[in-house]
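Participant: For reference, the structure I am asking about is given below.
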Amino acid sequence: MIANILKTGMLFFVLTALVLGGGYLIAGKDGLVPALIVAAVMNLIGYFFSDKIALATMHAQEVAPDHELSQIVAALTQRAGLPMPRVYVSPTAAPNAFATGRNPNNAAVCATQGLLDMLNRDEIAGVMSHELAHVLHRDILLQTIAATLAGAISVLGYMFMFGGGRRNNDESGHPIFALLFIILGPLAAGLIQAAISRQREFGADSGGAQILGDPMPLARALEKIHVYSQRIPLQVNPAFNSMFIAEPLNAMQGMANLFATHPPLEARLENLIGRPTVGAYR
């Protein structure tokens with residue numbers, strides 16, 4: 001866990017350095033502050049309303065306390081020492097789940113109907129323990145900060161394109177470096193965001209296993225979700241990919257894997273149970 005925290009901190013440092021370096025190359029000191037302000041405001045709005053947006057996108061409906069999913073979540077929150085989150089079910093056939101909300105007191109968890117139909121009670125508990133680990137670790141806050149910094153890079157690019165990349169007269173220009181930043185900066189930011197998300201997924205898998213007290217239900221659930229997601233893919237806005245337990249459209253291959261927000265299934269299983277498969281679908 002400490003190693004993951006250090007890796008995440010290093011990724012944030014690199015992303016921040018990318019913002020600062022790009023601001024200097026493109027518009028000098030005058031370009032950095034406005035970009036950070038605009039990106040921060042955009043992501044602050046997303047931070048406070050992301051739960052409503054995500055739940056509406058999935059057409060999720062809140063379930064009553066006597067619903068099986070709500071009962072499973074209630075038992076797990078007691079084990080984790082968390083407040084009871086709002087519990088939702090999405091009518092989507094693709095098997096998946098996610099957590100949202102800006103902190104444990106404002107959290108919500110959601111499972112698709114496809115996931116509830118496919119998994120047994122223990123495996124559903126494994127999935128929900130993973131989502132509650134995200135809540136416990138405040139991963140949504142980490143993703144929001146990463147999105148803010150990545151958004152600043154995009155804003156800097158637009159400032160350069162529409163503002164002509166003007167710099168202070170006493171500063172020497174670097175138009176070639178600035179152009180490279182416009183092209184490569186967003187790509188680098190996407191890679192770093194994906195790396196941060198992958199680190200948090202490993203942490204949520206391990207944390208979920210600790211909450212449940214057994215890694216096998218989550219391991220089995222991950223393998224089933226991986227297999228069935230390729231048969232019934234979940235198509236959503238890529239901006240939401242990192243919040244799901246399994247990456248939507250996970251059949252992507254090649255260069256697209258560089259921007260994957262989740263580790264490969266084999267790596268997640270090895271992290272959970274010490275081997276890359278549980279054997280249920282092999």
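The values are calculated or read from the model by the stated rules, or taken from the named source; none is laboratory data. Remember, it's a predicted structure, so these values are computed and weren't measured experimentally. Ideal geometry is used to build each Cβ from the backbone, glycine not excepted, and the neighbour counts take in all protein chains shown.
Here's the yes/no breakdown for (1) of a type outside the set (A, V, I, L, M, F, W, C); (2) touching a Pro at 6+ places or on another chain (Cβ under 6 Å); (3) buried (at least 21 other Cβ atoms within 10 Å of the Cβ); (4) at pLDDT 70 or above:
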residue	(1), (2), (3), (4)
Pro175	yes, no, no, no
Leu180	no, no, no, yes
Leu191	no, no, no, yes
Gly207	yes, no, yes, yes
Leu218	no, no, yes, yes
Ala221	no, no, yes, yes
Leu234	no, yes, yes, yes
Ala251	no, no, no, no
Leu258	no, no, no, no
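Table: residues versus (1) part of a strand (DSSP E or B); (2) in contact (Cβ under 8 Å) with a residue 40 or more places away in the chain.
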| position | (1), (2) |
| --- | --- |
| Ala40 | no, yes |
| Gly46 | no, yes |
| Ala56 | no, no |
| Thr77 | no, yes |
| Ala94 | no, yes |
| Phe98 | yes, yes |
| Asn105 | no, no |
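Participant: Given the conditions (1) more than 30 Å from Leu44 (Cα to Cα); (2) touching a residue at least 40 places away in the same chain (Cβ under 8 Å), which single one is not true for Gln71?
Facilitator: Evaluating Gln71 over (1) more than 30 Å from Leu44 (Cα to Cα); (2) touching a residue at least 40 places away in the same chain (Cβ under 8 Å) leaves (2) as the failure.
Participant: Right, next: Given the criteria surrounded by 16 or more Cβ atoms within 10 Å (Cβ to Cβ), at pLDDT 75 or above and either on the phi > 0 side of the Ramachandran plot or out of contact with any Ser or Thr (no Cβ under 8 Å at 6 or more places or on another chain) (or both), does Ile225 qualify? Outline the logic, then answer.
Facilitator: Values: surrounded by 16 or more Cβ atoms within 10 Å (Cβ to Cβ): yes; at pLDDT 75 or above: yes; either on the phi > 0 side of the Ramachandran plot or out of contact with any Ser or Thr (no Cβ under 8 Å at 6 or more places or on another chain) (or both): yes.
Judged against the criteria, Ile225 is a match.
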